Amino acid sequence: MLKSLRHALRLLRKAPGFTLVSICSLAIGIGATSAMFSFGDALLLRPLPVPEPSRIAAVTTSTGQVFSNTALSYPDYRDYRDGNRSFDGLLAASGASFGFKPNATALPKIAYGMYVSGNFFRVLEVQPALGRAFMPSEDQAVERDAVVVLGHDFWVNQLNSNPSVVGSTIWLNSVPLTVIGVAPEQFTGIDQFVKYAMFVPLAMSPRLSGNNLLEKRDIRWLTVKGHLKPGVTIAQASADLTSIGARLEQLYPQTNRDHHVDVQTEIQMRIRQSPPNAALIGMLLMLAFCVLLVACANVTGLLLSRARARSREMAVRLAIGAARGNLIRQLLLENLLLALGGGIAGIAVAYAGTSFFNSIPIPVDVPLAYHVSVDGRMLLFTIGASLLSTFLFGLTPALQTTRMDLVSSFKAADADSAGKRRLWGRNSIVVGQVALSLVLLIVSAVLLQGFRGELLQGPGFRIDRLWLTSFDTTPVHYTDDQTRRFYKDLLDKTRQAPGVRSAALISGIPLLGGGGVSIVPEGYTLPPKQDSISVPNFYVSDGYFATGGIPILKGRAFLESDRQDTPLVAVANEQFAHHYWPGQDALGKRFHMKSATGPLVQIVGIAKMAKYFWIAEPPQDFIYLPYTQEQNQAMTIMAETDAPNAATLAPVLREVVRGIDPDMPVSNARTMQDYYTQRAVKTPDIIAQSVAGLGTMGLILAMVGLYGLISYSVSRRRREIGIRMAIGADRQKVIRMILRQGLVLGSIGVVVGLIISFFACRAVISVAWVASFDHLNYGLFPVIAIPLLLITLAATFVPARRASLVDPMRALRDE
């Protein structure tokens, strides 16, 4: 093997052009694929930073609806925890925002943490970096044990890595808690995205939030995960918990009817929670693999062309007794060196790709653990891609190079007796390269056009001259009455502040999503075994539609007179009205809240469609409810100004809040234009640029492959060209003959690519939500295909011109 390795290195060193082109081609393919893997790893695939992450399973319950709540209530969690036989332990957790103060006199700051069960760290098998984890007794008595474990980043950034923090006191929501430990540096809890600042026992949640949910079986707010016992499968655990769920459904039919429990792996749960992320990653990985195929096809063509020059070498080796298997091993070893070289160079390409993905803006103030990086997992993937590419591009040339007729191989004139068959194979490779590059280019163009079209249509709400600031009264321990009074004062004083034209309150932020409610529309037949429908919604104040620039098409918007003691009302969007009352006027229609026996809500207005989660989303059912008829601790003030720059309202809002409650923490203070630019413009643009970059890489590789094939064809036809020119053919005829060969291959590749693109674009549209099938602009296809044909002619022209310069006498004499 060492001799074969040295020989392979010498051969590659003697052919620097071939080696460089091969390594660069593979670097592009492997690097692009590795960068997409890193993106997918950070977004979806990366395991939890705990020992044995494969044994961590998620426990969810739902009614099977699209927007169904999958969380568990605390009483249900307790029953599953104590009654199962499949888990070493079940933990429960829920994210929360806290008003953090290092001491009693400091002003509070918003910190994002988790309420966790007392066995949280034990189930995950995580030991704190400092101090200790919770003891079992510290989560049994409500409000008794005021202890907290800090997140590592929070300890470093807010407490200056003070090692004596263990045993000290911090204030959360004006409640003193004793720090008992600091989590490990890489630990992110049970969420791969968020770096939580602190972990607080669930038993402390009533005191910190002012709302005791620990005994309410109908309120599902906890994420539950467990550590499977050795040898227990997901199916066995699911069957175990299903039997417990059936018993709970019999015992508590009012709260547990039609709620089915399920056990899933971590990756299954992530895909279920965010299907668009999974679809996006699958699409990008598939396109990147196409680039890798084009790169491997490139190198395969180069190796096949090189096989003719090495036919004598292989013939001599076989003639003196070399085994064919040894020759194949030698050739594959050479290919492995090329692949490893391409993999090493591909790391640089992947690094550039990860830097590009890290520039995706995330317009929230939550500390995120999301980071696309060149880490050990990406390096392992790169090695795997390199080894795979060795067989993709190397096996066929190795087999073909060692399959020959020894007698004909020693004859110069017949050194490539199987040339037509080999040329047919190379032609097929080039056709495939052109087709794949065309598919990549068309897909990227469809994405770009789709996003551009959505941006031209607009989000359906105003984005200019709006300033937003979010509040949460939970950290300052407000009662329900104090919360209502605070938001009323905030809204009234904001409207009276200088520079403010109008203002409104909203429970979420457009394009970042909102909450969801369960309803039962009157006159609508529910699907079997379903007692309600989940619909996304916002709680808003009067004046929201005018401030947000959302037209009311029928009826009215909310009024100050819509209060808790008045009939419940709602405003529905067009899609909701058409969905549940097709062909009817939805104005005045009613629906029940939560269940068929819940309170009735009357639709008093129909609002124009807008975008709620994603700029390219299809029409969504959506309803608006008045915030005055439902208690909400977390709200966002939306203020409109006459000034061109809405940021001028920032100091105005600060003064308003300071005048109401100087201890009230704020978050997500920025302009609506900023949210819109980051969420609706930059993020889709980066996705489209990624696909366009893959298409450009594929095009470059395809043209290199075409150039190499035509150059090889010219070298094989040198004697033929010499004869043609000797009997009177001029240079223009030779150039046209060679150009015709490249044009035919390019045309076949374009036709194949157009057919594949038709189906690929439909698949991409369904994934990216950028357009409908009916509005797919097929005019893009020829717009991209014609320039691609011109580029193929350009790639063919150089070898064609070289062929026209052949000296007939020298060509005949050489042969």
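The values are calculated or read from the model by the stated rules, or taken from the named source; none is laboratory data. Computed from a predicted model, the values in this text were never measured in an experiment. Glycine also receives a Cβ, built like all others from the backbone with ideal geometry; neighbour counts cover every protein chain displayed. These area figures cover heavy atoms from the full protein model, side chains too; ligands, DNA and RNA do not enter into them. Shrake-Rupley method; radii C 1.70, N 1.55, O 1.52, S 1.80 Å.
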Open item on the list: I'd like to know how segment 55-196 sits against the 2.2 N^0.38 Å rule of thumb: what's its Cα Rg over that expected value?
Closed with: 1.12
TODO: Report, in cubic angstrom per residue, the convex hull volume of the C-alpha atoms of segment 452-560.
DONE: 194 Å³
- [ ] Please arrange Y524, Y351 by accessible surface area, largest first, computed with a 1.4 Å probe and ligands excluded.
- [x] Y351, Y524
Task: Residue among Q250, A803, F391 farthest towards the positive dipole end of the chain, charges placed on Cβ - done: A803
- [ ] Quote the convex hull volume per residue of segment 289-353, based on C-alpha atoms, as a whole number of Å³.
- [x] 86 Å³
Task: Rg/Rh ratio calculated on Cα atoms of segment 507-548 (Kirkwood radius) - done: 1.11
Open item on the list: Need the full-extension length gain, Q127 to I219, defined as separation in residues times 0.36 nm minus the C-alpha distance. One decimal, nm.
Closed with: 30.0 nm
Task: Cα radius of gyration and Dmax for the chain (Å) - done: 33.1, 105
Task: Estimated inter-spin distance, A323 and T696, nm [label 7 Å along Cα→Cβ] - done: 5.0 nm
TODO: Go from 0 up to the bin containing the longest alpha carbon distance in segment 690-742, width 5 Å each, and give me the % of pairs per bin.
DONE: 4, 17, 20, 19, 12, 9, 8, 6, 3, 2, 0
- [ ] Taking all protein chains together and a probe of 1.4 Å, list H227, H477 from the most accessible to the least accessible.
- [x] H477, H227
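Taking 35 Å as R0, compute the FRET efficiency from the Cβ-Cβ separation of R452 and L379 and round it to 0.05. Can you show the working numbers first?
Working: r = 37 Å, r/R0 = 1.06.
Result of the calculation: an efficiency of 0.40.
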- [ ] Determine the share of the chain's accessible area contributed by carbon and sulfur atoms, expressed in whole percent, with a 1.4 angstrom probe.
- [x] 59 percent
TODO: Of the options A794, L701, A546, report the single residue whose Cα projects farthest towards the positive end of the charge dipole of the chain (beta-carbon charges: Lys, Arg +1; Asp, Glu -1).
DONE: A794
TODO: Past 28 Å, Cα to Cα, is the threshold; run K589/K611; K195/K682; K195/K529; K554/K611; K216/K554 against it and keep the listed order.
DONE: K195/K529; K216/K554
Open item on the list: Can you give me the orientation-averaged projected area of the convex hull built on the Cα atoms of segment 604-670, in nm²?
Closed with: 7.1 nm²
TODO: In Å and from the alpha-carbon atoms only, list the Rg and Dmax of segment 560-632.
DONE: 13.0, 39
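For segment 437-484, take N as its residue count and report Rg(C-alpha) divided by 2.2 N^0.38 Å.
Details: Rg = 21.6 Å, N = 48, 2.2 N^0.38 = 9.6 Å.
Working it through for segment 437-484, the quotient is 2.26.
Sum -39500 (n - 2.57) across every DSSP H segment of at least 4 residues in the chain, then divide by the residue count to get the 222 nm mean residue ellipticity, nearest 500.
Values: 25 runs with 402 residues, N = 815.
So the calculated ellipticity at 222 nm is -16500 deg cm²/dmol.
Sorted from largest to smallest, which semi-axis lengths in Å does the alpha carbon gyration tensor of segment 82-126 give for its equivalent ellipsoid, taking the root of 5 times each eigenvalue?
Equivalent ellipsoid semi-axes, largest first: 32, 10, 8 Å.
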- [ ] Please work out the Kirkwood hydrodynamic radius for segment 11-87, using every pair of different C-alpha atoms, and report it in angstroms with one decimal place.
- [x] 17.8 Å
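Between L20 and L805, what FRET efficiency comes out of the Förster formula 1/(1 + (r/R0)^6) with R0 = 30 Å and r the beta carbon distance, rounded to 0.05? Write down the numbers at each step before the final one.
Working: r = 25 Å, r/R0 = 0.83.
For L805 and L20, the calculated efficiency is 0.75.
Could you report segment 142-182's accessible area per residue, 1.4 Å probe, as an integer in Å²?
Details: 1670 Å² over 41 residues.
Dividing the accessible area of segment 142-182 by its residue count gives 41 Å².
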Task: Percentage relative contact order, segment 448-545, counting C-alpha pairs under 8 Å, at least six apart - done: 22 percent
- [ ] Run a plain Debye calculation on segment 474-538 (Cα atoms as equal point scatterers, no solvent) and give log10 I(q)/I(0) at q = 0.23, 0.25, 0.29 Å⁻¹, rounded to two decimals, same order as the q list.
- [x] -1.03, -1.08, -1.14
Open item on the list: Largest first, please: the extent of the C-alpha atoms of segment 498-612 along each principal axis, to the nearest Å.
Closed with: 55, 32, 26
Task: FRET efficiency estimate (nearest 0.05) - Cβ-Cβ, S561 to I755, R0 56 angstrom - done: 0.35
TODO: With just the Cα atoms of segment 47-98, tell me how far they stretch along each of the three principal axes, in Å, largest first.
DONE: 32, 29, 27
TODO: Could I have the simple spin-label model distance between N162 and A643, label points 7 Å from Cα toward Cβ, reported in nm to one decimal?
DONE: 3.7 nm
